[in-house]
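What follows is a short report on a single structure.
The values are calculated or read from the model by the stated rules, or taken from the named source; none is laboratory data. Computed from a predicted structure; not experimentally measured. A quick note on method: Cβ atoms are made from the backbone with ideal geometry, for glycine too, and the neighbour counts reach across all protein chains shown. Accessible surface is based on the protein model in full, side chains and every heavy atom, while ligands, DNA and RNA are left aside. Shrake-Rupley method; radii C 1.70, N 1.55, O 1.52, S 1.80 Å.
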Amino acid sequence: MRVAALIKRICQQMLRDKRTLALLLVAPLLILTLMYFLFNGSTVEPKLGVIGVDHQLVKVLKEAKITVKSYENVTGKTVVNDDLDGLLEQENGQFKLTLLNDDPSAAKGLQMKVNQAIAGQSQAKLIQQNPTAAKMMHTSIDTKYVYGDKNTIFFDVLSPILVGFFVFFFVFIISGIGLLRERTTGTLERLMSTPIRRWEIVISYLIGYGIFAVIQTIIVVLYSINILDIVLVGSVWNVLLTNLLLALVALSLGILLSTFAASEFQMMQFIPIAVIPQVFFAGIFPIEGMANWLQGIAKIMPLYYAGDALKGVMYRGASISDIGSDLLALLIFAVIFVVLNIFSLKKYRKL
């Protein structure tokens, strides 16, 4: 009987806690649905620029599901400026392939398709002239890379995004739970009964927790670069600036969401809704292959801009001007969350 009574009490508590029920029953469905659309997105055909390439070879490349764009003249920045995955040049029978290598897996796939197309086309021509020599034929392709090199792996692209994610995640948790404790212990209520203004409280908490967020950010970035030897092509100061802005966003978002939680457990319930979905839009999965409405959702995720900026600086060597739009987006997110924090504190002012 005592066991039955205890089970009944637990069930009643769960039924009264609508947020926990939603986390238990609805959140997994939302995340699974999101993953379904992500992994069932359309495959994006690689874009290859060609110059001086035989028309028959161009036809073979298109049959290999490669989007081909012909050029009369190219510059050293054609691949980057025209958003190409590669550029194939043919001169005096010699081939030169320049790969963007923004995604090493996609670059290797494109390189394999190009090699197969060239080898097949060259062998077909040689068979008509000398069948015996065709068996010994070997076509050499001079391959160069805009970013990285032939030894670049996917983790080199993934690691900058992971650095940003861990900064975001832990600052979010610490700031949210920190303010929650202030509320549960009555400290916030006593503060709100004084003449202090709401914006002063928000700014104070942001600066107070921000000091430790800055320390954590510096430690994570320097450890990743100097100890783990994570790739860094650009300036470490740009990496620090991006992560500090991201930490500010996480700090203000954590404080904001903590006002809607009654306990630390409820604060943790926001992770599947506010943090996990952002991982999918941070650049780990190709955004271009997603449905248009999913690409729209990506634009309202802070980690989308942080991931793009960190990948640009650490892997591609982008300058501060190149990532300016991403930094501006992070700053706008931070300002919005700070303003919402000021309004959310209004319900705690009793006088």
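Based solely on its DSSP helices, what 222 nm [θ] is calculated for the chain when runs of n ≥ 4 H residues each add -39,500 (n - 2.57) and the sum is averaged over all residues, nearest 500 deg cm²/dmol? Display every interim value, and only then the final one.
Numbers: 16 runs with 215 residues, N = 351.
Rounded to the nearest 500, it is -19500 deg cm²/dmol.
Please identify every one of the GluC sites (Glu not before Pro) in the range 28-109 that sits in a loop by DSSP and has no more than 10 other beta carbons within 10 Å of its own beta carbon. Let's see the in-between values first.
Numbers: sites: Glu63, Glu72, Glu89, Glu91; in loops: Glu72.
Taking the range 28-109 and a limit of 10 other Cβ atoms within 10 Å, the loop GluC sites (Glu not before Pro) found are Glu72.
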Tilt relative to the chain, helix 154-184 - C-alpha long axis, 0 to 90 degrees, to 10:
10 degrees
Using alpha carbon centroids, what distance separates the range 266-289 and the range 153-187, in Å?
13 Å
Scan the chain and hand back the longest stretch that contains none of the trypsin sites (Lys or Arg not before Pro) lying in DSSP loops with at most 15 other Cβ atoms within 10 Å.
198-298
Which option, (1) 29.8; (2) 20.9; (3) 23.8, is the value of Kirkwood radius over Cα pairs in Å that was calculated from these coordinates?
(3)
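Provide the per residue accessible area, probe 1.4 Å, for the range 197-351, rounded to a whole number of square angstrom. Before the final figure, lay out each step's value.
Details: 7290 Å² over 155 residues.
For the range 197-351, the solvent-accessible area averages 47 Å² per residue.
Placing +1 at every Lys and Arg Cβ and -1 at every Asp and Glu Cβ, with all other atoms neutral, what dipole size does the chain have around its Cα centre, in debye to the nearest 20? List each step's numbers first, then the result.
Details: 31 positive and 24 negative charges, 365 e Å.
Here the chain has a charge dipole of around 1760 debye.
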Counting only protein heavy atoms with a 1.4 Å probe and every protein chain in place, the carbon and sulfur fraction of the accessible surface of the chain in whole percent equals 63 percent
How many angstrom lie between the Cα centre of the range 293-336 and the Cα centre of the range 209-224?
19 Å
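Just to be sure I understand: of the beta bridges DSSP finds with both ends in the chain, what percent are antiparallel, rounded to 5?
Values: 6 of 19 bridges.
The antiparallel proportion sits near 30 percent.
What is the sum of charges, Lys and Arg at +1 and Asp and Glu at -1, for the other residues whose Cβ falls under 13 Å from the Cβ of Ser70? Write out the running numbers ahead of the final one.
Values: positive: Lys47, Lys59, Lys62, Lys69; negative: Asp54, Glu72, Asp82, Glu89.
Here the count lands on 0.
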